[in-house]
Amino acid sequence: MNALLALLSLAGIWTALQLPVGVASAGQPWRWAFFALLLALVVLAVATLRRLAALPPKGWQVRFATPLLFGLWVLLFWELLTRGFDVPKVLLPAPSVVWASLLQGAPTLQTDFVQTVLHSVLIGLALGSGLGFVVGVLIDRSPFLQRGLLPVAALASTVPLVGVAPIMVMWFGFDWHSKAAVVVVMTFFPMLVNTLAGLAASGHMERDLMRSYGAGYWRTLWSLRIPVALPFIFNALKINSTLALIGAIVAEFFGSPVSGLGFRISTEAARLNMGLVWAAIVVAAVAGSLLYAALEWVERRSTFWHPSIRMG
Amino acid sequence: MTSAAALPRPRAAAATPSTSSVLPVLTVLGALGVVWYAAAAWLNAPQVIERVLSDRPGWGLADLLPLTWSMERPVLPAPHQVALDMWRSIVDWPLDSPRSLLFHTGVTAASTLVGFVMGTLLGLCLAVAIVHSRTLDRSLFPWIIASQTVPVLAIAPIVIVALGSMGLTGVFPKSVISMYLCFFPVTVAMVKGLRSPGVMELELMHTYAASAGHTFWKLRVPASLPFLFPSLRVGIAAALVGAIVAELPTGAQAGLGARLLTGSYYGNTVQIWSALVMSALLGLALTGAVAWTERRLTPGGRK
């Protein structure tokens, strides 16, 4: 049964991809054939997904296979619909078009990647999160400052901080320094709030134990409180990895040298070269996911003792 | 304690301010003001010395300071300059004039709210579908979570251009971007919330012979409200960011994002800062409104 479904799907996909562009607005018989095929493929997609989702969720293969298959089906329907209805490229280019521009524009996108991700994002993320962490550790000693800064930092999360981008561009120039500065501003507060919450997370029992060992402030901080705070800190880092990419890309909308993913997206969108725009977005998306996955990997390595990691 | 494997929360959790923190907060804000004035003096001083004081020998700090705080185009405007600019642009111009800051605030607030409503509805529908369909839960939900590691704002120019080519301009394309940013926290929180009733509660509903619809409306929905409202607070802040960023590639016609962009084109720092402060105030007002609604709708529940 499974093999039959897979075979049917492949046959349907192959037939559908042979159809000429703009078939949905062609003559009567072609049109009906297209819609019939589309309907058949929808039924097949639902059937295969249901079968896969009904499997017991054991092992990472099954857990990854279902969303992967779903993604593949979405890509396929995207390709079929854009081809069948001959959707203008400005509106929505087909995945094959995006892939072609990705290969064609690879050298350009590589310089953009270096400019935006390796310079603005990584440096800004390191500086902003580092600063937030250090300030968090410092004001942790003063309850007065904590009570004063925490509400302000919490309010900062409701403020569109990305608006500082034009100011930073004015202060630090067009190059990646200004983008890194925006990233620093955006990532500072989440790290500060989470560091403070994490440092407060160690219990009285553990702290009393440390005192009975004769451990001083720094020893307690290093051996007890920072390890306990690590899940919070990684949470902030993961939030920040997304914020950092957004900050760097949006800051490039306000002016940048002739490279950078945000610059590429805004200029090529203005020139209606949507294939390259989508390719730049694919690069940004992959960079964001990889950054997130890397943080998750480091987190699993460094907080191996945490219940949520041990159970999963 | 927040588990480490928790879903990525786009924003940090908000701390609830209590009355005991009024004095510390005021101290911090006061210190911030002092630092701001000092930084303005320090950053603007080179320009003042070069332009005004170079032909006036024997000047002192008393001459320098007032000048650094009243420049036409300062590197960093002093707080009172920003406040004055905001006050003037609100009082001196009628509400429908493009020079009034309130006009731009209104434009941005409108697309934020429309996007917020659309995003909330989309988030709710997705959450209900995911809770009720195992297939969607296993195939779609991972993508929704993965979509947050992607810099979604990067698609703003595409949405604007694509919808513009279909003849759609104005509020709607901007709201689409706000919607895209704010549906995610709602979906994730509602999936959690709709699943929060335990086996006991579900079995009780079963013994009442309640239909699926009854279980949904009488048990799952009320149980999900404490999850819904925090996600709405996050969502409306995200919607505001989306609306402001969406105004950037449209060629700066109206809205706070447009003010930021024109200010940056013409080097008008005071205008940038007043737009920035205004967007901060708008963000606070919108989140405050959601928090107020939450208190009205869940009496005796959450604070």
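Observations on the model:
- Under the Karplus curve 6.51 cos²θ - 1.76 cosθ + 1.60, θ = phi - 60°, whole-Hz ³J(HN,Hα) for region B:223-229, x wherever Gly or Pro sits: 5, 8, 4, x, 7, 5, 5
- Computed over protein heavy atoms with a 1.4 angstrom probe, the accessible surface ordering of B:Glu201, B:Glu50, A:Glu79, largest first, is B:Glu50, B:Glu201, A:Glu79.
- Highest-fluctuation residue, A:Leu224, A:Leu245, A:Leu261 considered, GNM on chain A with Cα pairs under 10 Å: A:Leu224
- When the accessible areas of B alone and A alone are added and the area of the pair subtracted, with a 1.4 Å probe, the result is around 5600 Å², both sides summed.
- Among B:Phe229, B:Phe116, B:Phe183, the residue with the largest mean-square fluctuation in a Gaussian network model of chain B, with springs joining Cα atoms closer than 10 Å, is B:Phe229.
- Counting only protein heavy atoms and a 1.4 Å probe, region A:141-290 has 37 square angstrom of accessible area per residue.
- Taking all protein chains together and a 1.4 Å probe, the residues B:Cys182, B:Cys125 rank B:Cys125, B:Cys182 from largest to smallest accessible area.
- For the protein assembly as shown, the gyration tensor built on C-alpha atoms gives an oblate shape. Its axis ratio a/c (a ≥ b ≥ c) is at least 1.5, and a/b is not larger than b/c.
- Computed over protein heavy atoms with a 1.4 angstrom probe, the accessible surface ordering of B:Lys192, B:Lys218, A:Lys179, largest first, is B:Lys218, B:Lys192, A:Lys179.
- Accessible surface of B:Met166, taken over heavy atoms with a 1.4 Å probe and every protein chain present, rounds to 120 Å².
- Within the full protein context, the accessible area of A:Phe232 is estimated at about 20 Å² for a probe radius of 1.4 Å.
- Average accessible area per residue (Å²) across region A:2-87 - probe 1.4 Å, nucleic acids and ligands excluded: 63 Å²
- Modelled FRET efficiency - R0 30 Å, B:Ala285 with B:Ser70, Cβ distances, 0.05 increments: 0.50
- Shape analysis of region A:1-102 places it in the oblate category; the axes a ≥ b ≥ c from the Cα gyration tensor give an a/c of at least 1.5, with a/b not above b/c.
- Across region B:235-240, coupling constants 3J(HN,Hα) worked out from phi with the 6.51/-1.76/1.60 Karplus curve, θ = phi - 60°, read x, 6, 5, 5, 5, 5 Hz, and Gly and Pro carry x.
- At full extension, A:Phe64 and A:Glu206 could sit 47.2 nm farther apart than now, given 0.36 nm per residue minus the alpha carbon distance.
- Share of carbon and sulfur in the accessible heavy-atom surface of the protein assembly as shown [1.4 Å probe, %]: 71 percent
- Of the residues A:Gly136, A:Gly12, A:Gly216, the one that moves most in a GNM of chain A with alpha-carbon contacts below 10 Å is A:Gly216.
- For region A:261-296, residues shielded by at least 40 square angstrom of accessible area compared with the chain on its own, probe 1.4 Å: A:Ile281, A:Tyr292
- Principal-axis analysis of the Cα atoms of chain A puts helix A:261-270 at an angle of about 40° to the longest axis.
- Accessible area per residue in Å² at 1.4 Å probe, computed on region B:147-252: 39 Å²
- Charge sum, other residues only, whose C-beta stays under 15 Å from A:Leu224's C-beta, Lys/Arg counted +1 and Asp/Glu -1: +1
- A:Leu80 accessible area, assembled protein chains, probe 1.4 Å, Å²: 10 Å²
- FRET efficiency, 1/(1 + (r/R0)^6) with R0 51 Å, evaluated for B:Asp92 and A:Ala294 via beta carbons: 0.45
- Size descriptor, Kirkwood hydrodynamic radius, that averages inverse alpha-carbon separations across region A:103-311, Å: 18.5 Å
- Computed from Cα atoms, the angle from the helix B:101-132 axis to the main principal axis of chain B rounds to 20 degrees.
The values are calculated or read from the model by the stated rules, or taken from the named source; none is laboratory data. Bear in mind that the values here come from a model prediction, so they are computed numbers and not experimental data. Virtual Cβ from ideal backbone geometry, glycine too; neighbours counted across all protein chains shown. Remember, those area values only see protein heavy atoms, side chains included, never the ligands or the DNA or RNA. Shrake-Rupley method; radii C 1.70, N 1.55, O 1.52, S 1.80 Å.
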